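Okay, so here's the structure we're looking at.
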Amino acid sequence: MQLTDEQKQAVTAWIAEGLKLSDVQQRLADKFDIRVTYMEARMLVDDLRVTPQDPAPAVVQQPLGDAAVAPAAESLLAADAPPKSGVAVNVDEITRSGALVSGSVTFSDGGKAGWYLDQTGRLAMVPGAEGYRPPPADVPQFQEVLDRELQKMGF
C-alpha cells in the first residue's frame, strides 16, 4: 500500500487529534477510498513513527468504610464472569493452527468469541455461539484492547 504525502500527513494529523486505529481505518476508507486491515493500519502508523494515544484513565472515587474493600473482593470472582463494562481479551498460549496469534474475547454483553490474526494480518473472529454478533460499540474497544495486548507481546 502506497500513500501519497498528503494522505500520510492526514493520517499523522488524525493520530495527533487522538483518533484510534479503527477510526483511522474508517477515515482512510471515507476520505481516500482506501481499505486497510487493522494490522495494515498498525503497520502504517509504525512506518509514520506516530503513536496513538491511550485515552486518559477514568478517576474512580473510593468510598470510605467497609465499601472500600469491595474492589478487592470483586477480584476474587471467577475468570469466566463477563466484564462489568467493556471487553476482556485473552491471548492463547498455544496459537491456533494457521494463525500468527490467537485468543478469546468476552464482550460487554457476556458473549464470547475466539479471534485470530491470519498469515496476511487479517483479524478474524469465531463466535462462541452460532449467530452471535458482538455489540457494535464493543468492536472498536476490542481492537484497542487487542492492540495493547499484541504490543506487549512485541507484535
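How many Å² of accessible area per residue for the range 85-139, probe 1.4 Å?
Details: 3140 Å² over 55 residues.
Value for the range 85-139: 57 Å² per residue.
Give me the one-decimal nm value for the distance between modelled label points at residue 48 and residue 125, 7 Å along each residue's Cα-to-Cβ direction.
About 2.5 nm separates the two model spin labels.
The values are calculated or read from the model by the stated rules, or taken from the named source; none is laboratory data. Every value quoted in this text rests on a predicted model; they were computed, and no experiment measured them. FYI the Cβ positions are ideal-geometry reconstructions off the backbone, even for glycines, and counts take in every protein chain you see. The accessibility values were calculated without ligands, DNA or RNA, using every heavy atom of the protein model including side chains. Shrake-Rupley method; radii C 1.70, N 1.55, O 1.52, S 1.80 Å.
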